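Enquirer: I'd like to ask some things about the structure below.
Quick note: the coordinates plus some simple rules give every number you see, no bench work behind them. Note that the structure is a prediction, hence the values are computed from the model and not measured. Neighbour counts run over all protein chains shown; Cβ positions are idealised from the backbone, glycine included.
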Amino acid sequence: MKSKLRRRRVCFVTGTRAEFGLMQPVLRAVADDRRLQLQIVVTGMHLDRGRGYSAKQVLQSGWKPHAVVPWRRGESAVDRAEATGLATAKLARVFERLASDIVLVTGDRVEALAAATAGHLCDRVVAHVHGGDRALGQADDSMRHAITKLSHLHFPATRASAARIAKLGEDAWRIHRVGSPGIDGIQSAAAGVYTIAERFPQLKRHRFALFCLHPTEANAEAEAHRTSVAVRATLGSGVSHVLALLPNNDPGSSGIARVLRETDSRRVTLLDNLPREHFLGLLRDAAVLVGNSSSGIIEAGSFGTPVINIGPRQAGRERGKNVTDVPFIAKDVERAIASVWSDGQPRRFRSENIYGIRGESTAARVVRVLATQSIDLRLLRKLIHY
């Protein structure tokens, strides 16, 4: 009688609503694979009640977290560094308790850096999705590549990102170009037109702007000024309504949140959080996405939605023809939105996405590697290849 093989434990560490939503196809594929056992650890911005406490969104999506790791709140860069260190220590204990085989992380945020550090030092395999991208952010570019060096398996979205990982000295056999999980089945994942119309009766399809702005520096007052510029320009462009989302919790975000909360206009609706399917439906139905969210660079192209990307936060990222880059100058922002608005006949682009790969889904590609890659000293003991 054959003994039953133990399923490989894959521990996904999630810190934000955005990355959790982006990874849904991969999480479902891991959970459905008989060779793998999914573990979910919730931390970071998910636990911030001032931004909607999106940990409840994890539960509402049908997932049961295996652990919750507290994340110390604070506005300054020092607070962020301290919170990252404290979470790193707690995550190490969580990985030991859960006996995780693989630690799965995404992107460039501090939660992913903490998880990758803890996983690597605890002799767990670290698998990194969306490595190799370029994005200025605040410390994002440095953190993304630091996570790459701590990771044993790499799942870049594009050829350019895969090439960048190789130039960092990573072995070719560790690098698997898979596309972006955020665009797997994105059309069907989005809430339907009638669902969006019922949930947001004040919005008319292709007549409103979706506003998503995150901080580019730790100075809250500077961010407040930039937000005022962007909001005024958006309201002055001719769109009938603006649906604004509160920013992430990077240093400086309080300035953005304050301006959005204080904006006195019947044409503005402010939300602290949204289910992924509603966000995608809004992204599809918006006349334009205004701000500096990575969703404008990665997901929006799948719907042909025009994007006005303001400032340097996404500098360096590959982008489609639907994205227009402008500085934080009111006239430039207003002119760019007006060009898209086109006197009430909004422009649309072809629904195409440079972050996709034809054929097999991103989730299937990731799961195949997670399930079949040999976990041995060759994988765990890294040496720069040149």
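Enquirer: As I understand it, the dipole of the chain uses +1 on the Cβ of Lys and Arg and -1 on the Cβ of Asp and Glu, about the Cα centre. Which of 288, 38, 78 lies farthest toward its positive end?
Expert: So the residue we want is 38.
Enquirer: Further question: How about region 156-262: which trypsin sites (Lys or Arg not before Pro) there lie in a loop by DSSP and see at most 15 other Cβ atoms within 10 Å?
Expert: 204, 205
Enquirer: Which longest run of the chain has no exposed loop site in it, a site being GluC sites (Glu not before Pro) in a DSSP loop with at most 13 other beta carbons within 10 Å, and the site itself not part of the run?
Expert: By the stated rule (loop sites, at most 13 other Cβ atoms within 10 Å), 1-351.
Enquirer: Now for a different question. Please work out how much length the chain gains when fully extended from residue 321 to residue 368, using 0.36 nm per residue of separation minus the C-alpha to C-alpha distance, in nm with one decimal.
Expert: Result: 13.7 nm gained on full extension.
Enquirer: Report the Cα centroid-to-centroid distance between region 89-126 and region 144-223 in angstrom, as an integer.
Expert: Comparing the Cα centres of region 89-126 and region 144-223, I get a distance of 21 Å.
Enquirer: I would also like to ask the following. Short version: ³J(HN,Hα) in whole Hz for each residue of region 118-134, in order, from phi by Karplus 6.51 cos²θ - 1.76 cosθ + 1.60 (θ = phi - 60°), x for Gly and Pro, what are they?
Expert: Karplus-based 3J(HN,Hα) across region 118-134 equals 4, x, 4, 6, 9, 6, 9, 6, 10, 10, 10, 9, 6, x, x, 5, 10 Hz.
Enquirer: Treating only the Cβ atoms of Lys and Arg (+1) and Asp and Glu (-1) as charged, compute the dipole magnitude of region 192-341 about its Cα centre; round to the nearest 20 debye.
Expert: 460 debye
Enquirer: With +1 on the Cβ of every Lys and Arg and -1 on the Cβ of every Asp and Glu, and nothing else charged, how large is the dipole of the chain about its Cα centre, in debye rounded to the nearest 20?
Expert: So the dipole magnitude of the chain works out to roughly 1180 debye.
Enquirer: With unit charges on the beta carbon (Lys/Arg positive, Asp/Glu negative), name the residue among 346, 275, 308 whose Cα is farthest towards the positive pole of the charge dipole of region 239-350.
Expert: Checking the options against the dipole of region 239-350, the answer is 346.
Enquirer: Also, I was wondering about something else. So if each residue of separation counts as 0.36 nm, and I subtract the Cα-Cα distance between residue 376 and residue 342, what length gain in nm does that give?
Expert: Between residue 376 and residue 342, full extension yields 6.4 nm more.
Enquirer: Where does helix 220-235 land angle-wise versus the long Cα axis of the chain, in degrees 0 to 90, nearest 10?
Expert: 50 degrees
Enquirer: Given 10 °C and 1.306 mPa s, compute D for region 192-341 with the Stokes-Einstein relation, Rh being the Kirkwood radius over Cα pairs; round to the nearest whole µm²/s.
Expert: Answer from the Stokes-Einstein relation: 105 µm²/s.
Enquirer: Between residue 232 and residue 219, what is the label-point separation in nm under the 7 Å Cα-to-beta-carbon projection?
Expert: 1.8 nm
Enquirer: Could you tell me which label, among (i) 60, 44, 42; (ii) 81, 46, 36; (iii) 70, 44, 43, carries the value of Cα extents along the principal axes in Å calculated for this structure?
Expert: Of the labelled values, this structure produces (iii).
Enquirer: Taking H placed 1.01 Å from N in the peptide plane, check which residues at least 5 places from residue 126 or on another chain put their amide H under 5 Å from its amide H.
Expert: 103, 152, 153
Enquirer: Could you identify which residue out of 346, 306, 201 has the top mean-square fluctuation in a GNM of the chain using Cα springs shorter than 10 Å?
Expert: 201
Enquirer: Given only helices, namely DSSP H runs of n ≥ 4 each adding -39500 (n - 2.57), what is the per-residue ellipticity at 222 nm of the chain, to the nearest 500 deg cm²/dmol?
Expert: Mean residue ellipticity at 222 nm (helix-derived): -11500 deg cm²/dmol.
Enquirer: About the Cα centre of region 19-64, how large is the charge dipole given +1 on each Lys and Arg Cβ and -1 on each Asp and Glu Cβ? Please answer in debye to the nearest 20.
Expert: Charge dipole, region 19-64, about its Cα centre: 120 debye, nearest 20.
Enquirer: What shape does region 307-350 take by its C-alpha gyration tensor, where a ≥ b ≥ c are the square roots of the eigenvalues and a/c under 1.5 counts as rounded, a/b above b/c as prolate, and the rest as oblate?
Expert: oblate
Enquirer: With label points built 7 Å along Cα→Cβ from the Cα atoms of residue 96 and residue 146, find their separation and express it in nm.
Expert: 2.3 nm
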